[in-house]
Number of protein chains: 4
Amino acid sequence: MILYYTYLCTMSANTFGTIFRLTTFGESHGIALGGIIDGCPAGLVIDLEFIQNELNRRRPGQSAMTSPRDESDTIEILSGVFEGRSTGSPIAFEIRNKDHHSFDYDHLKDAYRPSHADYTYDSKYGFRDYRGGGRSSARETLSRVAGGAVAKLLLQNSGIQVKAYVSSIGEVNASRDFTIDQLDEIENSPVRCPDTEASDKMIELITKLKLEGDTTGGTITCIINGVPPGLGEPVFDKLQADLAKAAMSINTAKGFEYGEGFNAPSMRGSTHNDIFVSNGEGGIKTATNHSGGIQGGISNGSDIVFKVAFKPIATILQSQPSVNNKGENIVLAAKGRHDVVVVPRAVPIVEAMAALVIADHLLRNRSSRL
Amino acid sequence: MILYYTYLCTMSANTFGTIFRLTTFGESHGIALGGIIDGCPAGLVIDLEFIQNELNRRRPGQSAMTSPRDESDTIEILSGVFEGRSTGSPIAFEIRNKDHHSFDYDHLKDAYRPSHADYTYDSKYGFRDYRGGGRSSARETLSRVAGGAVAKLLLQNSGIQVKAYVSSIGEVNASRDFTIDQLDEIENSPVRCPDTEASDKMIELITKLKLEGDTTGGTITCIINGVPPGLGEPVFDKLQADLAKAAMSINTAKGFEYGEGFNAPSMRGSTHNDIFVSNGEGGIKTATNHSGGIQGGISNGSDIVFKVAFKPIATILQSQPSVNNKGENIVLAAKGRHDVVVVPRAVPIVEAMAALVIADHLLRNRSSRL
Amino acid sequence: MILYYTYLCTMSANTFGTIFRLTTFGESHGIALGGIIDGCPAGLVIDLEFIQNELNRRRPGQSAMTSPRDESDTIEILSGVFEGRSTGSPIAFEIRNKDHHSFDYDHLKDAYRPSHADYTYDSKYGFRDYRGGGRSSARETLSRVAGGAVAKLLLQNSGIQVKAYVSSIGEVNASRDFTIDQLDEIENSPVRCPDTEASDKMIELITKLKLEGDTTGGTITCIINGVPPGLGEPVFDKLQADLAKAAMSINTAKGFEYGEGFNAPSMRGSTHNDIFVSNGEGGIKTATNHSGGIQGGISNGSDIVFKVAFKPIATILQSQPSVNNKGENIVLAAKGRHDVVVVPRAVPIVEAMAALVIADHLLRNRSSRL
Amino acid sequence: MILYYTYLCTMSANTFGTIFRLTTFGESHGIALGGIIDGCPAGLVIDLEFIQNELNRRRPGQSAMTSPRDESDTIEILSGVFEGRSTGSPIAFEIRNKDHHSFDYDHLKDAYRPSHADYTYDSKYGFRDYRGGGRSSARETLSRVAGGAVAKLLLQNSGIQVKAYVSSIGEVNASRDFTIDQLDEIENSPVRCPDTEASDKMIELITKLKLEGDTTGGTITCIINGVPPGLGEPVFDKLQADLAKAAMSINTAKGFEYGEGFNAPSMRGSTHNDIFVSNGEGGIKTATNHSGGIQGGISNGSDIVFKVAFKPIATILQSQPSVNNKGENIVLAAKGRHDVVVVPRAVPIVEAMAALVIADHLLRNRSSRL
């Protein structure tokens, strides 16, 4: 017996945030994906074109570097907006699936693909919507990007910018860290890396792996600029804790670090500490930013900088042994065109999750002035 | 003006968990620290000695490697237990501070210590309890360890073990990964590292840094054994996302990774994928565990393995320039005895946070059978 | 100045429940209404016909007794159901508005109708979607009925029935209390009252008030049968507290009572107490049910019985003085056909809210066995 | 078998509120009762004397009208307050039980008292802390009053007053409704009724029932003055819904109504509607207040008025038949002195729950300005 539980469970965790809250729904090959944004303040101009553009940024088929499912991913807003502005009522949106009949997933009905969620979903629920990964599909992130786009609109209204870039693909690393004003051109790079030299090598690597039928991973660095000091809650909801959860909830994320991250353990206090100095305007700032913009769980006014590691895509075009839900040995091999690496398309997803966290903390922080 | 906000805000985030919930309180030099555990199932034998022992494990002054504040950290349980078992009512506990009058913190009243939370708390709240760091003190973690101890009792009842160890201090790394059954002796190591050779080098490094008045960081690796397949929620509350939040909410944590973590980005799908094989008992398992025991956000039955990076302790015995809350330049130098590195004492804290996450997901997962 | 705040606020409270959770959206004259049901256990057969029928029960225009907006209120399920059963993923649904262009609400843009939410929404949000009441429209309850229908399916699976009936309209009261097995015929009554004599008088009253251009209120009694002992949480989430909140969140509800309700204060302990007796099957039951099926916030196995009072509908066909948002005196008079009383159509809404509460507590209660 | 479940469950519902949150603990005869207030804004002056006085108002033994357990109910604040003001950190408090060894409850170990929570707790948890009702004791409300006192301090800072009075005991009703400024003297009445004539009759009734060994119920009317328009959330968290939940979560509450309440159903729209008129200061108000200060779930600036019905106390000095947990017939008779009616002491409890709701909505409403 390989199924430990039958019809066991439910997932009750499709809501993110406390005041600015996104609840999402939808499967890869269901009728639609979408969500409800609750807690968006009244009066915000909802720029539909901006939101659609964010969705377009994560859309497959944008370049030779990404997979070819043909979906326009057109968003429709169903509620909560009147005469172009948020009313304070929940903003519901949906993206209808169009291309969902064009694939045949019957051969995956009983199979457990290596490092996919097939086996764990079956273990949890007793059965699963196996069409294209169902709820575990990366297509689920569509709703995150739409919700994050509204969060970005709210943040822009407070002078806060969220931008991310690809800092490595496979063994190819960007040569240095970049600042937010150096990221204007990354949409021109098919791999969304601001280092043009590294960018070329990344494309080269992807091309090579495609021929080999193999995949790889990468990292994304995210910068949040303009955050006022004071956001974040001291104990369990430290700003970095909520950012870590946000990032690690993205499919295939394996690691999170902020500031010096995994370099910090081998540093010394005398070199890691960020010395306070005058900011020249009567206030203070830190001379360095080893802290990554957060101290004691609360933003200090410097750029918030974090990095997320993504594993190689599990679907490869090579044959792999596996088992099915009867415990029988099988051999799997994906066909057609598939992504080699997830990070270029994941850039807007990382930004969206970061925007959701900061928007929520912006409102949480405003909630309690005496 | 260095204070951006006055009497601004509140922290409403002292509760962790959804069903098994821990709410904590207390400042470093207040009257008491403690918490309320809500959602613990009725009928659990509450082993007070076990709980006290967990608190003892994080207590300062246990060895020459840690700081000397003299507190017995004796826990008192105030409610929710009757005739030795949990009743289903909230379990409140407290640890009274005894040593809290013995330090003089007046010189820190106006000062902003580098890489501490002084400035961010002032930015958020307009003023702060400056005695020993107040709520931002590492002493806050007492309540986590107490709550985590009850979570461990619940997990033990389901055959789940949570154990952590120090995998690096400064530039000294344990030579390899360890399994949970190799950790029995770590309580005998003053640095809680199972690799005796590395352990010696870590002690050597700490001794050297103590002389230099400097500090360093380290990493802790945590293993959770016996988790049944099916724990974790598919989208935002993926098991790794909640573990990441739990770990990153600990003071001075800078990074989180699970499975291959930051190694994964440079791997290939063909080598990173965990192939399913028969477990010899009619079920299946994975031949390797690059995934770290979680696929699609849900446990797969293998050991869950994650690592947390901690920065160097910010309080150093060397002079450092800083500013005060009037923006004036000052010089700070800590006195007395202070920890050089946080990780040996942080081992039970990491375990506690992991136990809280798994206990909560264990109950969440049980909540919804048809 | 009559607007105290401008662009003030948001509503972040469109989610109901803790484990079985319903999040709703939609305005009276927006594109669609709908919601997301999160936390429904996997494996439940989702009977779409049953759900549609529940929506039909609250639909206007069913009889001469109710208002005539022509909407088919056809539900579409967008996710979370695969091969007819719930998968554990969120179940999203929507009902598109069809008739939303047929009314002209421009004359209400600036007017504050007496005892409507126009003024309070403007006070809260600075502006409002004035078309047909926007989010404050009774049309919002469509999503409650859809969510409640899924809750009913879950409850039926556990042998729990939720049924309500009209116990008074205006000054006409049903002559006695009814039990759940006496309610089979109420769908045949245009006023959903099981007392046929009272039913006739209610219809008479409604006909008379329609001629007068006036409205009235009524009460609904709800019975929940088959609830096992043990549902409900002891302190703040007592079963009656959650039922009260559920009922009082319905538009125009003014009062809630359970068991003896407002009769209880004038009774004596010696007559109000429910004596325990053998149930003849080795267990116990209460000889009377003054308690209304709940003791100490927890179900005792008897029928749960509660009553909800609804005010007269605020929209009347008579002229009424009012003011507009400039503080100027105006005169308002509704035109066309409007409901005289809300309670016949509110019966399925009360049932839906009760079902949501019990379904949630059923899952909460299952969540924590040792 | 009378126990349907064994070691079944937990109660996870000891937290009230969303931003201003109170989590409570403690049993009647445990070591202490108390709670944690999370989300109180920083900078609030915490007047300990005021809080203690609120606790004194609910203390038993204040007059011949109430029961004699001898507890000083002295509160100790453990955290979250520095130099007399809230810091934004959680405010923990506790009240140690002193008199808890003086009663012998062994005879109640196996007995199910009529209309108490003995049977339902056993049904839910498999066993119970039977000493004095454990968590189901009215003593649990101590923590509500303490938390509500801090909420009142926050409200006073915004010019909001919460006051309640006894409007009936048994069949004796106050002759009319009172306004908040007519309640200054109620602390001088042993029954807390502002109508002196009714007050005398109530005392007479209590005296008579005491001799008979019987009990009765009563009603409490609560007035909240100074609430700005705009508090409350439109759909599920309507202000009246949260007030209803708050009130109905109090032990022995059986009904809740606001505004015209259960009178409303028999009224006409033309008489129930509150006509808007100028407030003489450029703003508007309603000429009448049938609505009870809330329209569409949102405060309109008028007094919020609600009433709560309480049942007769279940513990009577007369013999009553019952059963024990083996299903055997027994006879129970309380001894000693017990309250005849709960409402005089419940006045500060009702106020506390109302204050918690309004404080929370005050902060929720502030949380989301654009």
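Quick look at the numbers
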read-out	value
Nm distances between copies for residue C:76, ranked from closest, using label points 7 Å along Cα→Cβ	0.5, 6.3, 6.3
Label spacing, shortest first and in nm, from residue C:207 to its equivalents in the remaining copies (7 angstrom along Cα→Cβ)	5.8, 8.6, 10.3
Rounded, prolate or oblate (a/c below 1.5 giving rounded, otherwise prolate when a/b exceeds b/c) for the stretch B:196-238 by Cα gyration tensor	oblate
DSSP loop trypsin sites (Lys or Arg not before Pro) with at most 15 other Cβ within 10 Å excluded, longest remaining stretch of chain B	B:177-325
Gyration tensor verdict on the stretch C:227-277 (Cα atoms; rounded if a/c is under 1.5, prolate if a/b is larger than b/c, oblate otherwise)	oblate
Cα-Cα P(r), the protein assembly as shown, percent of pairs per 20 Å interval	10, 39, 38, 13, 1
Of every Cα-Cα pair in the stretch D:221-359, the percent that sits beyond 24 Å	46
Across C:311/D:238; C:254/C:326; B:201/B:335; A:238/B:124; C:245/C:285, pairs whose alpha-carbon gap is larger than 18 Å	C:254/C:326; B:201/B:335; C:245/C:285
Tilt relative to chain B, helix B:141-156 - C-alpha long axis, 0 to 90 degrees, to 10	10
Point-charge dipole on Cβ atoms (K/R +1, D/E -1) for the stretch C:175-328, about Cα centre, debye to 20	560
Between the stretch B:337-370 and the stretch C:160-214, the Cα center-to-center distance that results, in Å	56
Of the GluC sites (Glu not before Pro) in the stretch A:279-370, those whose Cβ has at most 14 other Cβ within 10 Å and which sit in DSSP loop	A:281, A:328
Euclidean distance of C-alpha centroids, the stretch C:113-150 and the stretch B:240-282, integer Å	46
Around residue A:217: net Lys/Arg minus Asp/Glu count, Cβ-Cβ under 11 Å	+1
Closest Cβ on chain B to the rotation axis that carries it onto D (distance rounded to whole Å)	B:23, 2
Cα→Cβ-extended label distance, 7 Å offset, between residue D:303 and residue B:175, nm	8.2
Dipole of the stretch D:87-217, positive direction: furthest Cα of D:127, D:217, D:178, with charges on the beta-carbon	D:127
Net charge, residue B:94 excluded, C-beta distance under 12 Å - Lys, Arg +1, Asp, Glu -1	-2
Debye, to nearest 20: dipole size of chain C, +1 on Lys, Arg Cβ, -1 on Asp, Glu Cβ	640
Distances in nm from residue B:288 to the matching label points in the other copies, shortest first (labels 7 Å along Cα to Cβ)	3.7, 7.4, 7.8
For the stretch B:140-287: Kirkwood Rh in Å [reciprocal of mean 1/r, alpha carbons]	18.0
Net charge over other residues, Cβ less than 14 angstrom from the Cβ of residue D:175 (K, R count +1; D, E count -1)	-3
Least to most buried among D:136, A:175, D:199 (fewest other Cβ within 10 Å first)	A:175, D:199, D:136
Binned Cα-Cα distance frequencies in the stretch C:100-214 - 5 Å width, integer %	2, 9, 13, 12, 13, 15, 15, 12, 7, 2, 0
Cα pair distances of the stretch D:285-370 binned at 10 Å [whole percent]	12, 26, 23, 16, 15, 7, 1
Charge dipole (the stretch B:241-331, unit charges on Cβ, about Cα centre) - positive-most of B:247, B:331, B:308	B:331
Cα-derived Rg to Rh of chain B, Kirkwood definition	0.98
Only Lys, Arg (+1) and Asp, Glu (-1) charged, at Cβ; the protein assembly as shown dipole about Cα centre in debye	0
Theoretical FRET efficiency, 1/(1+(r/R0)^6), r = Cβ-Cβ of residue D:326 and residue B:53, R0 60 Å, to 0.05	0.90
Prolate/oblate/rounded label for the stretch B:263-313 (Cα gyration tensor, a/c 1.5)	oblate
Angle between chain B longest axis and helix B:196-212 axis [Cα atoms, degrees, rounded to 10]	10
Helix-only mean residue ellipticity at 222 nm for chain A, each DSSP H run of n ≥ 4 adding -39500 (n - 2.57), per residue, nearest 500	-7500 deg cm²/dmol
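Every read-out reported here was derived from the displayed coordinates using simple, explicitly stated rules and does not represent laboratory data. Values in this document were obtained by computation on a predicted structure and should not be read as measured data. Cβ atoms come from the backbone with ideal geometry, glycine included; neighbour counts cover every protein chain shown.
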